[in-house]
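Engineer: I'd like to ask some things about the structure below.
Any read-out appearing in this document is the output of simple, stated calculations on the displayed coordinates, not a laboratory observation. All values derive from a computational prediction rather than experimental measurement. Quick reminder, even Gly has a Cβ in these numbers, built from the backbone with ideal geometry, and neighbours come from all protein chains shown.
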């Protein structure tokens, strides 16, 4: 029997203590288990790619114009778990064009994943000219995208503030948006 894994689970016949070595055939039993194990090893891979491989992904943006900026982002999906990280480095024609910028995700979020500002992970904003990093969050608000926030500590409690063309600083060439998020995929 050729293994049907990972499309479906194999159905093996378990011999009992009273079965002869010919029922099921002993050689067939070993061959089936060997085929199944090879299928499992193929699925899991080897080396640093065990249980998931990171794949490059080019996101789309809402309220961000990429222009001549550069983007590098990668994701890995294991079952429904998705890890996604990336970096947008501003070029001279890159800009934030609205008051609520968003970046697309490589795998749509699960319909059961909360859509109301649920934190998906961390963001970091580098003001390259001042060499200052600002910490924020990526939250899900619209299916297929995550929203950019910066944490504001100029109030009694830490609060989220939308990233804009001038928050947390005025964006210019070499400034950076980094993200590291996880979520349940569809």
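Engineer: Can you show me the helix-derived [θ] at 222 nm for the chain, built from DSSP H runs with n ≥ 4 at -39,500 (n - 2.57) apiece and divided by the number of residues, rounded to the nearest 500.
Structural biologist: Dividing the helical sum by the residues of the chain leaves -3500 deg cm²/dmol.
Engineer: For the chain, what log10 I(q)/I(0) values come out of the Debye formula at q = 0.14, 0.19 1/Å, with one point per alpha carbon and no solvent?
Structural biologist: Each listed q corresponds, in turn, to -0.81, -1.23.
Engineer: List the relative contact order of the range 1-44 as a percent without decimals, with contacts defined as Cα pairs under 8 Å and 6+ residues apart.
Structural biologist: Dividing the mean separation by the residue count of the range 1-44 yields 60 percent.
Engineer: Arranged from highest to lowest average of other beta-carbon atoms within 10 Å per residue, in what order do the peptides 4-10, 170-176 appear?
Structural biologist: The packing order, highest mean first, is 170-176, 4-10.
Engineer: At a 10 Å Cβ-Cβ cut-off, how would you order 81, 145, fewest neighbours first?
Structural biologist: The fewest-first ordering by Cβ neighbours comes to 81, 145.
Engineer: Could you tell me the relative contact order of the chain? Use alpha-carbon pairs under 8 Å, at least six residues apart, and round to a whole percent.
Structural biologist: 21
Engineer: Suppose each label sits 7 Å from its Cα in the direction of the beta carbon; what would the residue 40-residue 172 distance come out to in nanometres?
Structural biologist: Rounded to a tenth, the inter-label distance reads 5.8 nm.
Engineer: Most mobile of 21, 66, 148 per a Gaussian network model of the chain (Cα springs, under 10 Å)?
Structural biologist: Fluctuation is largest for 21.
Engineer: A further question follows. At 7 Å along Cα-to-Cβ for each site, give me the label-to-label distance between residue 159 and residue 20 in nm.
Structural biologist: So the two model labels end up 8.3 nm from each other.
Engineer: If you don't mind, there's one more thing I want to ask. So how tilted is helix 26-44 from the main axis of the chain? Cα-based, degrees 0 to 90, rounded to 10.
Structural biologist: 10
Engineer: Hey, another quick one. Fewest to most neighbouring Cβ within 10 Å: what's the order for 157, 183?
Structural biologist: 157, 183
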